Amino acid sequence: MSAAPETLQPFPAHPFDDDKLREECGVFGVTGIADAANFVALGLHALQHRGQEAGGIVTHNQGTGFHSARRFGYVRDNFTSAKLMETLPGDLAIGHVRYSTAGSKGRTEIRDVQPFFGEFSMGGAAIAHNGNITNANALRRELIDRGSIFQSSSDSECIIHLMARSLQRDIPERMKDALRRVEGAFSVVAMTRTKLIGVRDPLGVRPLVLGRVGGGWVLSSETCALDIIGADFIREIEPGEMVVISPERGLLSYRPFEAKRSRFCIFEHVYFSRPDSILGGRSVYETRRQIGVELARENPVEADLVCPVPDSGTPAAIGYSQESGIPYAMGIIRNQYMGRTFIEPTEQIRNMGVRLKLNVNRALIAGKRVILVDDSVVRGTTSRKIKEMILDAGAKEVHFRIASPPTAWPCFYGVDTPQREKLLAATMSEEEMRQHLAVDSLKFISLDGLYRAVGEAEGRAADCPQYCDACFSGEYPVEPADMLERGFKLKTAAE
Ligand code: SF4
């Protein structure tokens, strides 16, 4: 494989965005399209919200073999360079954007940036993984004991080493072998010299969709990335399904895992996915608007204005306003150009904190009773600052309405969450959180209300919930083996 030179400077952590849960990865792949890397770059650009620290693309060209480029930073700052894109020829390509992985919290190294590549006796293969392997520590120990040499700290690299140890005769079969050993959440896009492969774990925790463009095929974390390249959305890859796409045999579908009831991440509906994507046959925007409707039904309050905390609170605020009849207003304006381009701020600028990103529309707010709709409360630090800004602008009352239940448990399935004790809802009751934030009222949508908003008319099924909601309920659909080993305590009967 020829490798383009790799930039060795990681992106600085965003100084103002530590109060949100963060999706850790997005994956994208195409086959049967000339200059596939350009399509992958566009797809990754559309998936940038799923990971902003780094990205990578691997391509295969029949004449020159595999090619790879991995970079820190935004897709648009790297994979738009004609010089770089010329190093990625071929009509088969996969790509990955990442935030961070379970293996390297704090500091990302270029060796942790995917796709990962492995050379096997029957040829090379590259993989890009969205999710988190919950038994990675045990697998890693076993593999190292048996002679594997790991290049990265990423849990995803286990898949390549498990494939290397499989005795199967082709790469898709080796991949099935490998993934049967893996527990947790995985949506994987992979490629060989001739095949594009997509797999979802048996619970289907993270999304993966299939599309067509021209005569080619596309795999993507979300449908919004199909739109950007003009691809048609065909269907979701089913939980527990593997698709193998090749020029000779077209698309073949397999079921390599024991069948289970799916447990898709309900937070994808609330926050992670883009509002212009389709999840489970429904527009994410429409689901979020419906969450606002349920929130207003469950938690009414007399007020003058409903304002979203931009941008993710916007559809829920619209729904809340429509249901309550209280006027909607853009009481907080987001500086669209703040982003991560404000590199290395001084201490003085850092202290300005959230004001650099959000500004209150004073003319609207002064003298009003304001309902602020946000998607979640994680540590509560941003909520406190926003409340202060709203009061400074002359608001008479501030009422928080939150479009998700209290986030009281960490996620171990591919979302970056603070340790449990840092989650406000893990240590405080709703009333204690209200006092801590010093607002007139604070209310969260109930878990049943959230289920109704995503289309489950009867709410959450107690015996076997239809979604993963572990960060709200503490009920983990896959045992977080690595974390238990590190001393994490599961919910007790008394909690
Ligand atoms: S724990 Fe929460 S964020 Fe993680 S997969 Fe489950 S619902 Fe999604």
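Figures for the structure shown
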{"read-out": "Sorted peptide list for 427-433, 64-70, criterion being average Cβ within 10 angstrom, highest first", "value": "64-70, 427-433"}
{"read-out": "Size of charge dipole - the chain - debye, nearest 20, with Cβ of Lys, Arg +1 and Asp, Glu -1, no other charges", "value": "500"}
{"read-out": "Mean separation of Cα contacts under 8 Å, 6 or more apart, over the residue count of the stretch 25-263: relative contact order %", "value": "20"}
{"read-out": "Stokes-Einstein D in µm²/s, Kirkwood radius over Cα pairs - the chain at 25 °C with 0.890 mPa s viscosity", "value": "105"}
{"read-out": "FRET efficiency, 1/(1 + (r/R0)^6) with R0 60 Å, evaluated for A438 and S81 via beta carbons", "value": "0.80"}
{"read-out": "Bridge type composition, the chain - antiparallel percent by DSSP, nearest 5", "value": "80"}
{"read-out": "Signed unit charges on C-beta, dipole axis of the chain, positive-most listed residue G214, I94, T59", "value": "T59"}
{"read-out": "Two-decimal log10 I(q)/I(0) for the stretch 25-263, as the Debye equation yields it once each C-alpha is a single scatterer, q = 0.07, 0.09, 0.14, 0.18 Å⁻¹", "value": "-0.19, -0.32, -0.81, -1.44"}
{"read-out": "Separation in nanometres of the label points that stand 7 Å from Cα toward Cβ, at R282 and I110", "value": "4.4"}
{"read-out": "Along principal axes, Cα extents of the stretch 386-470, largest first, whole Å", "value": "46, 31, 21"}
{"read-out": "Net lengthening on full extension, E258/Q322 (0.36 nm per residue, minus Cα-Cα)", "value": "18.6 nm"}
{"read-out": "Förster radius 30 Å - calculated FRET efficiency between E238 and E430 (Cβ-Cβ, nearest 0.05)", "value": "0.20"}
{"read-out": "Relative pair counts by distance (%), Cα atoms of the stretch 129-176, 10 Å bins", "value": "26, 54, 20"}
{"read-out": "Where Rh is the Kirkwood radius over Cα pairs, Rg/Rh for the stretch 85-168", "value": "0.98"}
{"read-out": "Ranked packing of 411-417, 145-151, most packed first, by mean Cβ within 10 Å", "value": "411-417, 145-151"}
{"read-out": "Cβ-placed point charges (K, R +1; D, E -1), dipole of the stretch 25-263 about Cα centre in debye, nearest 20", "value": "440"}
{"read-out": "Signed unit charges on C-beta, dipole axis of the chain, positive-most listed residue V270, G281, C25", "value": "C25"}
{"read-out": "C-alpha center-to-center spacing [the stretch 422-483, the stretch 45-101] in angstrom", "value": "36"}
{"read-out": "Relative pair counts by distance (%), Cα atoms of the stretch 274-316, 10 Å bins", "value": "27, 49, 20, 3"}
{"read-out": "Full-extension gain in nm, L484 to A138, via 0.36 nm per residue minus C-alpha separation", "value": "123.4 nm"}
{"read-out": "Burial ranking of peptide ranges 226-234, 252-260, 153-161, 374-382 (average Cβ count within 10 Å, highest at the top)", "value": "153-161, 374-382, 226-234, 252-260"}
{"read-out": "Listed residues V415, M85, I234: farthest to the positive end of the dipole of the chain (Cβ charges)", "value": "M85"}
{"read-out": "Segment Q48-E388, length gained on full extension (0.36 nm per residue, minus Cα span)", "value": "119.3 nm"}
{"read-out": "Cut-off 18 Å (backbone N to label point 7 Å along Cα→Cβ of T194), residues of the stretch 218-248", "value": "243-248"}
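Taken together, the values in this text are just the output of simple stated rules run on the coordinates, not laboratory data. Given the structure is predicted, the values throughout are model-derived calculations rather than measurements. Note that each Cβ is placed from the backbone with ideal geometry, even for glycine, and that neighbours are counted across all protein chains shown.
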